[in-house]
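Below you'll find the structure, written out as structure tokens, and then a few comments.
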Amino acid sequence: MARQKRGRKIDGWLILDKPQGITSTQAVNKVKRALDAQKAGHGGTLDPLATGLLPIALGAATKTVPYVMDGTKLYHFTIRFGESRDTDDAEGAITQTSTHRPSDDDINAALPAFRGNIMQIPPAFSAIKVDGERAYDLARAGAPPELPPRPAQVDRFELIGRPDADTAEFEVASGKGVYMRSLARDLSRACGTVGHIIVLRRLRVGPFLPSMAVSMDTILDSAHTPATLAELTLPIATALDDIPALALTAVEAHALSNGQPISLVDLMGRIPEAANPDNGLVRILAAGRVLALARLSDGWLKPERLIQHLS
């Protein structure tokens, strides 16, 4: 007999405004306990120093996490010039100092090199695995690894404020896997000095915006029950709003959910104009719910990811 899962079955997204001082995993565990949820995960790690949007997937929503992580992310951060830290943020130990402070012109002249498709060396204190060990575990043990450069997509990187000569504020829009701490470190060096992040806040993850966020204080408020907190969750489909939708009949949906491709000829007139016919992704709707993700390929609609079973 199958072992019954502990907790309540909740399917959807809770968008947490993560406070400073806890890891993303700790935040997920607090939310999972508060909602008494069976299953939970998150859509993109935030450092303990960082605050802002941490999308938390509950139940079947965990199947859509990769598509959320592929979405655009928006950050605001502040660099303090004159000190480099081993963590590349304010929580680390000082490793180097400099008396040079770049001007606004120096910063703006250096920024273009960090836009577009760039190569970036991740921070030594990161979750990247090296020979089966997390980089941050090796760094904490006094043996920071030499991490190779990785491709990174930076759509926007702008200077937005200069409180004083020691600090500068930036806005960054990026794809997945871009380290803000590395941008701060490398930009400082390009400006002839050293620096590290002292403030970092995430303002967007894919379709998720600050207006959707719930504070940790709300989650931990004893006045709330798991049932009332569950009312704060968003539907699974919210994470997929920017993916064209294709509605199927019950018969078609049943076939697709069993792994069978469907001829695009049978779907003529229903295929959304925004869908790319050459391996484009669509979200499949059946009975008003998101059933799966599928691709248009070689004249067929081919299932890629089953999200929910038909009732």
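The values are calculated or read from the model by the stated rules, or taken from the named source; none is laboratory data. Everything numeric in this text was worked out from a predicted model, so none of it was measured. Every residue, glycine among them, receives a Cβ derived from its backbone with ideal geometry; neighbour counts consider all protein chains shown.
Couple of notes before you dig in:
- Looking at 287, 239, just one residue is modelled with pLDDT under 90 and at positive phi, and that residue is 287.
- Pairs with Cβ under 8 Å, 6+ apart, first in segment 126-150 and more than 22 Å from residue 175 (Cα to Cα) and outside the structural domain of residue 86 (by TED's automatic domain parsing), second outside any helix (DSSP H, G or I) and of a type in the set (Phe, Trp, Tyr): none
- Test result for residue 192, in the same structural domain as residue 113 (by TED's automatic domain parsing) and farther than 13 Å from residue 81 by Cα: no
- If you go through segment 1-21 and keep only what is of a type in the set (A, V, I, L, M), modelled with pLDDT of 95 or more and out of contact with any Phe, Trp or Tyr (no Cβ under 6 Å at 6 or more places or on another chain), you end up with 14, 16.
- Only one of 257, 215 that is touching a strand residue (DSSP E or B) at 6+ places or on another chain (Cβ under 7 Å), among the polar types (S, T, N, Q) and not assigned by TED's automatic domain parsing to the domain that holds residue 54: 257
- Subset of segment 215-224 [closer than 15 Å to residue 33 by Cβ and either outside any helix (DSSP H, G or I) or under 17 Å from the mean Cα position of the chain (by Cα) (or both)]: 221, 222, 224
- One residue from 56, 79 being among the β-branched types (Val, Ile, Thr) and within 17 Å of the chain's Cα centre (by Cα): 56
- Of the candidates 72, 97, the single residue that is closer than 30 Å to residue 219 by Cα, β-branched (Val, Ile, Thr), in contact with a Ser or Thr (Cβ under 9 Å, 6 or more places away or on another chain) and surrounded by fewer than 17 Cβ atoms within 10 Å (Cβ to Cβ) is 72.
- Looking only at residues of segment 294-311 that are in contact (Cβ under 8 Å) with a residue 40 or more places away in the chain and outside any strand (DSSP E or B), we find that the one that is surrounded by the fewest Cβ atoms within 10 Å (Cβ to Cβ) is 309.
- Close pairs (6 angstrom Cβ cut-off, 6 or more residues apart or separate chains): among the hydrophobic types (A, V, I, L, M, F, W, C) in segment 35-47, surrounded by fewer than 19 Cβ atoms within 10 Å (Cβ to Cβ) and part of a loop (DSSP other than H, G, I, E, B) anywhere: 37/7
- Residue list for segment 202-214, filter: assigned to a loop (DSSP other than H, G, I, E, B) and either among the β-branched types (Val, Ile, Thr) or surrounded by 14 or more Cβ atoms within 10 Å (Cβ to Cβ) (or both): 206, 207, 213
- Test for residue 14: is it assigned to a strand (DSSP E or B) and crowded, with 16+ Cβ neighbours inside 10 Å: yes
- Which numbered condition residue 105 fails, given (1) modelled with pLDDT of 95 or more; (2) crowded, with 19+ Cβ neighbours inside 10 Å: (2)
- Just one of the listed residues (227, 190) is out of contact with any strand residue (DSSP E or B) (no Cβ under 8 Å at 6 or more places or on another chain), surrounded by fewer than 18 Cβ atoms within 10 Å (Cβ to Cβ) and at pLDDT 95 or above, and it is 190.
- In segment 230-254, residue surrounded by the fewest Cβ atoms within 10 Å (Cβ to Cβ) [restricted to those that are in contact with a strand residue (DSSP E or B) (Cβ under 7 Å, 6 or more places away or on another chain) and of a type in the set (Gly, Ala, Ser)]: 250
- Looking only at segment 48-90, and only at residues there that are assigned to a loop (DSSP other than H, G, I, E, B), at pLDDT 90 or above and among the charged types (D, E, K, R), the one that is farthest from residue 15 (Cα to Cα): 86
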